Amino acid sequence: GFVPGLFGTSHGALQFMAYEDLKERYNKYRNRVSDTKLNTVEYILMAAVSKIFAVVATYPYQVVRARLQDQHNAYSGVFDVIRRTWR
């Protein structure tokens with residue numbers, strides 16, 4: 001479970017990347033300068049959408065990692081976990 005656990009660090013990076021991209025695209029859509037400050041509702045919306053994106057992108061690895069760390073089942077590796085989980 002250690003190697004898949006390393007992929008967990010990508011969650012924050014994906015969320016930050018999506019958050020910044022959403023802010024920039026939103027300001028461009030509103031014909032504003034890209035670094036224009038957003039209001040509170042806009043900030044909350046951008047944060048929520050970017051979090052959802054990061055969770056959807058990284059959740060499958062968490063299932064694989066947790067199953068590899070499970071002491072009650074024996075898996076031969078990551079691909080075995082994916083194959084057995086899919087089945």
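Residues that are closer than 30 Å to residue 72 by Cα and of a type outside the set (A, V, I, L, M, F, W, C) were ranked within the range 1-18; the one that is nearest to the chain's Cα centre (by Cα) is 11. Within the range 19-48, being surrounded by 14 or more Cβ atoms within 10 Å (Cβ to Cβ) and under 15 Å from the mean Cα position of the chain (by Cα) holds for 19, 22, 46, 47. If you go through the range 62-76 one residue at a time, do you hit one that is open to solvent by 80 Å² or more (accessible area, probe 1.4 Å), assigned to a helix (DSSP H, G or I) and free of Cβ contacts under 8 Å to residues at least 12 places away in the same chain? No.
For the range 31-82, filtered to residues that are basic (Lys, Arg) and over 12 Å from residue 18 (Cβ atoms), the residue that is modelled with the lowest pLDDT is 65. Please specify each residue of the range 25-48 satisfying the condition of being in contact (Cβ under 8 Å) with a residue 24 or more places away in the chain and in contact with a helix residue (DSSP H, G or I) (Cβ under 6 Å, 6 or more places away or on another chain). Selection gives 46 alone. Selection of the range 18-65 for residues being among the basic types (Lys, Arg) and more than 30 Å from residue 85 (Cβ to Cβ) yields 23, 25, 28, 30, 32, 37.
The values are calculated or read from the model by the stated rules, or taken from the named source; none is laboratory data. Since the structure is predicted, the reported quantities are computational estimates derived from the model, not experimental observations. Neighbour counts are summed over all protein chains in view; Cβ atoms, including those assigned to glycine, are modelled from backbone coordinates with ideal geometry. Note: areas computed on protein heavy atoms with side chains; ligands, DNA, RNA excluded. Shrake-Rupley method; radii C 1.70, N 1.55, O 1.52, S 1.80 Å.
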